[in-house]
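Here is the structure we will look at.
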Amino acid sequence: MKSEAITILIIEDDIKERNKIIECSKSRKDVEIVAATDSDIEGLKEVKMKRPEGIILDIELNNSARGNTDSIQFLSKLKTLEIDYEPIVIVTTHINSKRTYEVLHRNGVDLILYKNHPKYSCDYVLNSFINLRKDDYKRETISKEKEEIEERDRISKCIYKELDLIGIIQKLKGRQYIHDAILYLIENENSEVNVIHHLTKIHKKSGSTITNGIQNAIIHAWRVSPFEELSVHYDARINYETGLPTPMEFIYYYVEKVKQEI
């Protein structure tokens, strides 16, 4: 294993995230940030000039002023660069999709780190580069990551199945908010972060927009689904004045129900 500091390029459109990693690296002797940008196009130039051993790549660059919003293109073009080595590529993302993760691995990504995972931190990201230098670590890490992806996918399918049963269909915007809230609370039982605040960061929407989306999805379910079916699938107490559960009552009910099913 190499003993010198590993050189790293950051491609991340969230300036706060970039600065966190840069500040974290300053207290370490085993890593060196050689460049940081919000653009996949600039990132390719930095690879040619700085030749970093590792690359931190945010898969969504929605706030990039000079590049593409989809960094899959970066991975494709990275393969065509005339360089005589293969940098370690670690993707950091809020995306929770087995299909997306499979595409990333096929395009040469060594490791995918889910930003909402309880263990996620700047040091965790940097430590992952150090560990990937070890001869036998890569296979073990990808295998463990695959298990986590499969488990998350199983939970997601269970959540969507429950929402389908009461008529919260795919076209409703609140469906995704509800799914993400339930998944987050199951995976982060001890988190002190308010779940609506968590959703505002992921979806870049206001708290009121997200809460209204969830409430509208609940209203839709109670309008279109026969009471007999609703009472079978949702047997918690409901406010007699409104005849509906609140968004938080609804979400926490399904957190417990899905936990029992998985």
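The values are calculated or read from the model by the stated rules, or taken from the named source; none is laboratory data. Quick caveat: nothing in here was measured; it's all calculated off a predicted structure. A quick note on method: Cβ atoms are made from the backbone with ideal geometry, for glycine too, and the neighbour counts reach across all protein chains shown. SASA here: full protein model, heavy atoms, side chains in, ligands and nucleic acids out. Shrake-Rupley method; radii C 1.70, N 1.55, O 1.52, S 1.80 Å.
3J(HN,Hα) along region 223-237, derived from phi through the Karplus expression 6.51 cos²θ - 1.76 cosθ + 1.60 where θ = phi - 60°, amounts to 7, 8, 9, x, 4, 4, 6, 4, 5, 6, 8, 10, 10, 7, 5 Hz, with x in place of Gly and Pro.
Helix 247-261 and the long axis of the chain differ in direction by around 80°, with both axes built from C-alpha atoms. Excluding residues on the same chain fewer than 8 positions from Lys173, give the aspartates and glutamates whose Cα lies under 18 Å from its Cα. Partners found: Glu162, Asp164.
Helix 122-132 axis versus longest C-alpha principal axis of the chain: approximately 60°, rounded to the nearest ten.
Atom-type composition of the exposed protein surface of the chain places 47 percent of the accessible area on carbon and sulfur (1.4 angstrom probe). Sorted from longest to shortest, the spans of the Cα atoms of region 90-194 along the three principal axes equal 50, 33, 19 Å.
Around Gly207, with a cut-off of 15 angstrom between Cβ atoms, what is the net charge of the other residues, counting Lys and Arg +1 and Asp and Glu -1? Show your work: numbers first, answer last.
Values: positive: Lys173, Lys201, Lys204, Lys205; negative: Asp180.
It works out to a net charge of +3.
Remark: region 5-84 carries 51 Å² of accessible area per residue (probe radius 1.4 Å; ligands, DNA and RNA excluded). Unpaired cysteine residues in the chain (no second Cys Cβ under 4.7 Å): Cys158.
Computed over region 118-262, the Cα gyration tensor eigenvalues convert (square root of 5λ each) into semi-axes of 35, 17, 12 Å, ordered from largest to smallest.
In order along region 104-113, the Karplus-derived 3J(HN,Hα) couplings, from 6.51 cos²θ - 1.76 cosθ + 1.60 at θ = phi - 60°, round to 4, 5, 5, 8, x, 6, 7, 8, 10, 10 Hz, and Gly and Pro are given as x.
How large is the accessible surface per residue of region 164-262, computed with a 1.4 Å probe and reported in Å² as a whole number?
Normalised by residue count, the accessible surface of region 164-262 is 59 Å².
For Lys45, a cut-off of 17 angstrom between C-alpha atoms picks up these lysines, skipping any fewer than 8 places away in its own chain: Lys77, Lys79. Rounded to the nearest Hz, the phi-derived 3J(HN,Hα) couplings of region 86-93 under the Karplus curve 6.51 cos²θ - 1.76 cosθ + 1.60 (θ = phi - 60°) are 10, x, 6, 10, 10, 8, 10, 7, where x marks glycine and proline. Residues whose amide H falls under 5 Å from that of Leu113, counting only those 5 or more places apart or on a different chain, are Val91, Thr92, Thr93, with hydrogens built in the peptide plane.
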